[in-house]
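Down below is the structure, laid out as structure tokens.
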Amino acid sequence: PACRRDMRVPRHCSVEPHPRPVDLAAAVATSVASSTGRQPAGTPYLPTSIVPGRGLALLAAPLCYMYSSPDAVYRMFRAMYCRYWCKLYTLSTCSSPSPALPTLIKTFETLLQELDPEVVAHIHGLGMPVASIALPWICGAFVAQLPVEEVLLLWDRVLGLDSLLPLPLLAVAVVCFRRQVILSCQSGQEVVETMSDITQLKTVPLLQAVLFQA
């Protein structure tokens, strides 16, 4: 995405992008120069220091249903990346009310353990980290898992709360909703296959269920 080269992005990110590994870049450049006798054109790191994470472009896709102009889509994507999505690509320990990825995963694990310890124990018994189920959902803000209208309903909660916490809450709700199927699984691969298609699920009722249950 263009935001990886947009120098306005790092100035407005709610968490600081990972710094470029300058020392490593210098070491690579020195090694190349010494082995080839030529000075390299530059380092492979983008000037914004934004890591081009997998699925980053997907986070712009739902916005294409809301704006007809590519410029408008990009401006909204940039604003949401700077305020929210950048937190999905960092190991920052910033906490509530708007935590980053490590705290979001911890929230998922803690809440699921509280609401359904049997499912957690079963998943662990299969040799599978329970966080591995939710990680792709949370990192992609459910874009690759839910229909566009459901994604936008979820994002509306993110905007309303000014926090990414609805992401782990929905992940917990999905696992609790599919608990009987998960408990029947005999391997970690079966769990992955069972949870690979959640396109028929509805965002709002699931969030309400987990909030009322909690």
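The values are calculated or read from the model by the stated rules, or taken from the named source; none is laboratory data. No experiment lies behind these values; they were computed from the predicted model shown. Here the Cβ positions follow ideal geometry from the backbone for every residue, glycine too, while neighbour counts run over all protein chains shown. Side chains are part of the model used for accessible areas, which takes the heavy atoms of the whole protein and leaves out ligands, DNA and RNA. Shrake-Rupley method; radii C 1.70, N 1.55, O 1.52, S 1.80 Å.
Take the conditions in contact with an Asp or Glu (Cβ under 9 Å, 6 or more places away or on another chain), farther than 22 Å from Gln200 by Cβ, crowded, with 17+ Cβ neighbours inside 10 Å and of a type outside the set (Ser, Thr, Tyr) and apply them to Val172. Does it pass?
no
Please work out which residue is nearest to Leu153 (Cα to Cα), limiting yourself to the range 183-208 and to residues that are surrounded by fewer than 21 Cβ atoms within 10 Å (Cβ to Cβ) and β-branched (Val, Ile, Thr).
Val204
Which residues, taken from the range 152-189, are touching a residue at least 40 places away in the same chain (Cβ under 8 Å) and more than 21 Å from Gln213 (Cα to Cα)?
Once the filter is applied, which keeps residues that are touching a residue at least 40 places away in the same chain (Cβ under 8 Å) and more than 21 Å from Gln213 (Cα to Cα), the range 152-189 yields Leu152, Trp155, Asp162, Cys185, Gln186, Ser187, Gly188.
Does the range 160-169 hold any residues that are buried (at least 21 other Cβ atoms within 10 Å of the Cβ) and either part of a loop (DSSP other than H, G, I, E, B) or touching an Asp or Glu at 6+ places or on another chain (Cβ under 6 Å) (or both), and which are they?
Of everything in the range 160-169, just one residue is buried (at least 21 other Cβ atoms within 10 Å of the Cβ) and either part of a loop (DSSP other than H, G, I, E, B) or touching an Asp or Glu at 6+ places or on another chain (Cβ under 6 Å) (or both), namely Leu164.
Would you check if Leu211 is touching a Ser or Thr at 6+ places or on another chain (Cβ under 6 Å) and open to solvent by 40 Å² or more (accessible area, probe 1.4 Å)?
no
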